[in-house]
Amino acid sequence: MEKVKIIHVLTDTNIGGAGTLLVNYLHCFDREKYDISVCLPEGGELIPLVEAEGYRVIPLKHGHDKSFENAALKEYVSIFRRERPDIVHTHSAFSAKLAAFLAGVKSRIYTRHCAFEMPRKLTTFPGKQINGFINNTLATEIIAVAGAAKDNLTETGVSEKKITVIINGVREVRRTSPEEQADLKAQLGIKDTTFVAGIPARLEHYKGHAYLVETVREVAEAHPDFVCLFMGDGSEAENLKAKARELGVEDKIIFTGFIRDMAPYYNIMDLNLNCSYGTETSSLSLSEGMSLKVPAIATTFGGNPYMITEGVNGLLVPMKDSHAMAEAILSLIRDRELLAKLSEGAREMYEKKFTAAAMTRQLEVIYDREAERIRKK
């Protein structure tokens, strides 16, 4: 049987959650069934990772880090008419979604990667009806990466019949040797006895780092042998460093900057943190940590309560509550039996719900269904 020709489109120039998710998909796809290419911005950080998986990259001159741009719309239309894909699968790229419709692509799929409080103008008349009409027309199938993302779609007029929830899955993070772990700790100035928490997230306000700085002060006052890794970069980096100095915890927070290979850092962490209050669906970082038995403390925002079951693979705390987060961290520092129980639960939950292979099989069902629909026309 002829392969199903698919083009994925992602406009991010950096490597964020959507890019990591895409690479996980690419690693697991059945290459005997699907002929897949990926449209990415010229010079983008994701290009080497996609090419390393053995896939063709179609470089984009326009629309970098933008959902819509007129020049990008024209470029996408040209690409789709030239390539003639069976399916175009877009990730936060409205220009590409519209271009696929204009170019006559029969199957147009897009993934909703985020979840946040929707503005009232999109949940009430006439905005809801207009938004629903546009999205229901441009997409033949929609993937929501969490129930919270699906709720965002339906409350803004998108048909529930078009939406399939596929929870983000990740490949198992590699385990490093004790020697590698000791070397990294030495590089970071961390003692063997130190309790290490970490937050793998872009340094943006909605990820809640500002509250976590306050948490770190409270934890360190009660348990001085503690550090927290802030793993990522973003627009809030300098503000957060200034706040750490202001609160006197600059020696308790290690700002690593952007990390391409997260595995060594997960391996030295006792606890994974998620402080989001503005956008969060099914966190890849939580899943990655779980694959290495790293339990989590997360806010109750977005998709976090689906991923973290209280007392099984982690703990849940209210968003924007630095004291509740501090109390939860201290409870696990003091109760190592509970920490060990949550560690085992984290691995069990990963194997049951959050593997990349299980996620990709679910997407392939949709691809196969769409391909069959196209062939019958």
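The rows are residues; the columns are (1) within 29 Å of Cys114 (Cα to Cα); (2) in contact (Cβ under 8 Å) with a residue 60 or more places away in the chain.
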| residue | (1), (2) |
| --- | --- |
| Gly208 | yes, yes |
| Glu238 | yes, no |
| Glu250 | no, no |
| Ile259 | yes, no |
| Met262 | yes, yes |
| Tyr265 | yes, yes |
Of all residues in region 76-115, which are over 20 Å from Val4 (Cβ atoms), surrounded by 16 or more Cβ atoms within 10 Å (Cβ to Cβ) and more than 27 Å from the chain's Cα centre (by Cα)?
-> Val77
Pick from region 14-36, criterion surrounded by fewer than 18 Cβ atoms within 10 Å (Cβ to Cβ) and free of Cβ contacts under 8 Å to residues at least 60 places away in the same chain, ranking: farthest from Phe94 (Cα to Cα) = Glu32
Answer residue from region 277-314, given it is of a type in the set (S, T, N, Q) and closer than 12 Å to Pro200 by Cβ and is farthest from the chain's Cα centre (by Cα) among those = Ser287
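How many residues, within region 298-308, are surrounded by 24 or more Cβ atoms within 10 Å (Cβ to Cβ) and in contact (Cβ under 8 Å) with a residue 40 or more places away in the chain?
Taking region 298-308 first, the residues surrounded by 24 or more Cβ atoms within 10 Å (Cβ to Cβ) are 298-299, 301-304, 307-308.
Then keep just the ones that are in contact (Cβ under 8 Å) with a residue 40 or more places away in the chain; that gives 299, 302-303, 307.
So the count comes out to 4.
Among the residues that make up region 139-149, is at least one of them outside any helix (DSSP H, G or I) and without any contact (Cβ under 8 Å) to a residue 12 or more places away in the chain? Before you say what the answer is, go through the steps one by one.
Residues of region 139-149 that are outside any helix (DSSP H, G or I), as a first pass: 139-146.
So of that shortlist, the ones also without any contact (Cβ under 8 Å) to a residue 12 or more places away in the chain come out as none.
No: zero hits.
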When the residues of region 126-169 are filtered to those that are crowded, with 19+ Cβ neighbours inside 10 Å and of a type in the set (Ser, Thr, Tyr), which remaining residue is nearest to Gln362 (Cα to Cα)?
-> Thr140
Which pairs have Cβ atoms under 9 Å, sit 6 or more apart or on different chains, and link a residue in region 115-130 that is more than 14 Å from Thr154 (Cβ to Cβ) to one that is of a type outside the set (Ser, Thr, Tyr) and surrounded by fewer than 16 Cβ atoms within 10 Å (Cβ to Cβ)?
-> Gly127/Pro119; Gly127/Arg120; Gly127/Lys121; Ile130/Leu122
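For the subset of region 309-368 comprising residues that are of a type outside the set (D, E, K, R) and in a loop (DSSP other than H, G, I, E, B), which member is surrounded by the most Cβ atoms within 10 Å (Cβ to Cβ)? Full working, then the answer.
So in region 309-368, the residues of a type outside the set (D, E, K, R) come out as 309, 311-319, 322-326, 328-333, 338-340, 342-343, 345-346, 349-350, 354-360, 362-363, 365-367.
Then drop every residue that is not in a loop (DSSP other than H, G, I, E, B), which leaves 309, 311-313, 318-319, 354.
Numbers: Thr309: 14, Gly311: 12, Val312: 15, Asn313: 27, Pro318: 12, Met319: 20, Phe354: 24.
Applying the filter and picking the extreme gives Asn313.
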Starting from region 313-337, take each residue that is under 12 Å from Leu212 (Cα atoms) and in contact (Cβ under 8 Å) with a residue 24 or more places away in the chain and list its partners that are surrounded by fewer than 18 Cβ atoms within 10 Å (Cβ to Cβ) and of a type in the set (Gly, Ala, Ser), counting only C-beta distances under 7 angstrom and pairs at least six apart or across chains.
-> none
Grab the helices (runs of 4 or more DSSP H) fully contained in region 208-302, keeping just those with 2 or more residues being more than 20 Å from Gln181 (Cβ to Cβ).
-> 209-222, 237-246, 284-291
Does region 90-113 include one or more residues that are under 21 Å from Glu160 (Cβ atoms), among the small types (Gly, Ala, Ser) and at pLDDT 95 or above?
-> yes
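The values are calculated or read from the model by the stated rules, or taken from the named source; none is laboratory data. Quick caveat, the model's predicted, so the values are computed rather than measured. Note that each Cβ is placed from the backbone with ideal geometry, even for glycine, and that neighbours are counted across all protein chains shown.
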